[in-house]
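The values are calculated or read from the model by the stated rules, or taken from the named source; none is laboratory data. All values reported here derive from a predicted model rather than from experimental measurement. Using ideal geometry, Cβ is built from the backbone for each residue, glycine included, and neighbour counts are taken over all protein chains shown. These accessible areas exclude ligands, DNA and RNA; they are computed on the full protein's heavy atoms, side chains included. Shrake-Rupley method; radii C 1.70, N 1.55, O 1.52, S 1.80 Å.
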Amino acid sequence: MSRFVVVLGLQWGDEGKGKLIDHITDERVMAVVRFQGGHNAGHTLVVEGKRMVLHLIPSGILHPGVRGLIGSGVVVSPMALGADIHTLAENGVVDVHERLCISPACPLLLPSHEALDQARERRGSGGNVAIGTTGLGIGPAYEDRAARRVLRIGELRDPVRFRSQLSQLMDYHNFLLSSYYHAPTLDIDEVTDHCLAQREWLLPLLSDVSQALVELRAQGAGVLFEGAQGALLDLDHGTYPYVTSSSVTAGNAASGSGCGPRHMDAVIGVVKAYATRVGDGPFATELVADSPVGRHLFERGTEYGATTGRRRRCGWLDLVALRRAVQINSVDGLALTKLDVLDGLSSLQLGVAYEGTDDDVNATPQPVYEEWPGWEEGAVAKAQSAAELPLAARRYLQRIEEFVGVPIELISTGPERGQCLIERHPFATD
Ligand code: GDP
Ligand code: IMO
Ligand code: MG
């Protein structure tokens, strides 16, 4: 029986979605689908000691025969896509072209979107504050989509029309860059020629993702929908304005891929055993970077952004924000990652309430903490099953489950592909 499972982040991104998706992709999975975001995502896969980061291509692609689908909700930079294909080829995956399927309706992310993103961040967004974006043009590309002036990848099929439409759009971008942001403009012909030069390899990848999903369903396939970013970066429900420009919640897995919402069978939420954030914005349970625990989390967790290399801010797990993320995504089960990073801490804190606010994740309230005992060095990393976890770790997990009201079904205990304890596989139907 077919099973469509959404896997998404419940914090501020970088929860370990890529590793988890790679791990649960087995013979039941015929395709993995991206439905939102762009190459602001950085999903890390570590297989036999080799680390690679994918930005646009879905994480199941390392498994032979598994298809990678990119739905129309994803903003696509051909350059970033080419870089992913190159990364995969370097790692011995050479048949990506046969397995990749991109919706022709994907908005085309241009170098001028990137220039606008960076100019705006330098100046402070729309006259307000800088967001700490990845600077890759994601926001401006989604803005153009909403304003109905973006070019879609499929328009590359008609080079004459493409040239004229791109010229109009870039005229507008250049006007903004020069007159509003006092930033350098881009050469329209150069950008157009560069885009058109990608047609040869890009056009054969375009096909109807929505139809592919109908067929996969009819074939009884397992399909994973791979979220990018995390619930607290969601455009509507995150810590606005310090958010990304797409809808990252489970609801958008359907519309961003062109699949009917009733065909989603389950939602798995990925959450770190603590919390990190890269970029600006509120973070109630943040620790001072050079405090002993702040340093422990940062160093043990190697908390550097996979896309920008920026240092990630670290803190305790915020159960109030997590419970809300579980609710807005109708999460069925949790995948808890990086539990090994807590090894060796003598005590742990869990944020369980906010002082003087009404569970508002958009402010930076004072958290109220509950203290839990830690466990010894190396104990999680060496556990081969959930039952082998130290008692203190099991109690910590139970408290999380009890607070948010859903079970922890997968526990990731290290960055390598095999390092994951499975309590219940997302494709189990019992
Ligand atoms: P994503 O964007 O959600 O796919 O996550 P990233 O790849 O940006 O960041 C997660 C980081 O944590 C990567 O460096 C992973 O290799 C690493 N990682 C994932 N799971 C675990 C885990 O269970 N333990 C440890 N120590 N590292 C992990
Ligand atoms: P993955 O999929 C972590 C953050 C940026 C910034 C905000 C807006 O790897 O989890 P944007 O460039 O999207 O306009 O930036 O969102 N951000 C991420 N943080 N992981 C990501 O993706 C992110 N994608 C965007 O740092 O705060
Ligand atoms: Mg990431």
Original post:
In a shell of Cβ-Cβ distance under 13 Å around Glu416, excluding Glu416 itself, what net charge do Lys and Arg (+1) and Asp and Glu (-1) give?
Top reply: +2
Original post:
To the nearest 10 degrees, how steep is helix 391-404 against the longest Cα principal axis of the chain, on a 0 to 90 scale?
Top reply: 60 degrees
Subject >> Cα-based helix-to-principal-axis angle, 111-123 vs the chain, degrees rounded to 10 >> reply: 60 degrees
Original post:
Around Tyr354, which amide H atoms from residues at least 5 apart in sequence, or from another chain, sit under 5 Å from its own amide H, with H modelled in the peptide plane?
Top reply: Asp359, Val368
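Under 8 Å for C-alpha pairs, at least 6 residues apart: give me the relative contact order for the chain, rounded to a whole percent. Don't jump to the answer; show the numbers that get you there.
Values: 950 pairs, mean separation 89.2, N = 430.
Value for the chain: 21 percent.
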**OP:** Starting from segment 330-430, pick out the trypsin sites (Lys or Arg not before Pro) whose DSSP state is loop and whose Cβ has at most 16 other Cβ atoms within 10 Å.
**Re:** Lys382, Arg417, Arg424
Subject >> Residue of Arg122, Arg300, Arg262 that the Gaussian network model of the chain assigns the largest fluctuation, springs spanning Cα pairs under 10 Å >> reply: Arg262
Original post:
Within the accessible area of segment 111-201, what % is carbon and sulfur when the probe is 1.4 Å and the other protein chains stay in place?
Top reply: 48 percent
**OP:** In whole Hz, with x marking every Gly and Pro, tabulate ³J(HN,Hα) for segment 370-381 from phi via Karplus 6.51 cos²θ - 1.76 cosθ + 1.60, θ = phi - 60°.
**Re:** 10, 9, 10, x, x, 9, 6, 3, x, 5, 6, 4
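Within the set of other residues whose C-beta is less than 10 Å from the C-beta of Trp372, count the net charge using Lys and Arg as +1 and Asp and Glu as -1.
Working: positive: Arg395, Arg399; negative: Glu370, Glu371.
Local charge sum for Trp372: 0.
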Original post:
Karplus couplings for segment 44-49 from phi (6.51 cos²θ - 1.76 cosθ + 1.60, θ = phi - 60°), rounded to Hz, Gly and Pro as x?
Top reply: 8, 10, 10, 10, 6, x
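Where only protein heavy atoms count, and the probe is 1.4 Å, what is the accessible area per residue for the chain in Å²?
Details: 17360 Å² over 430 residues.
Using a 1.4 Å probe on heavy atoms only, each residue of the chain averages 40 Å².
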Original post:
Taking the chain as a Gaussian network, where each spring joins two C-alpha atoms under 10 Å apart, which residue of Gly309, Gly222, Gly333 fluctuates the most?
Top reply: Gly309
Original post:
What whole number of Å gives the distance from the Cα centroid of segment 138-172 to the Cα centroid of segment 378-415?
Top reply: 47 Å
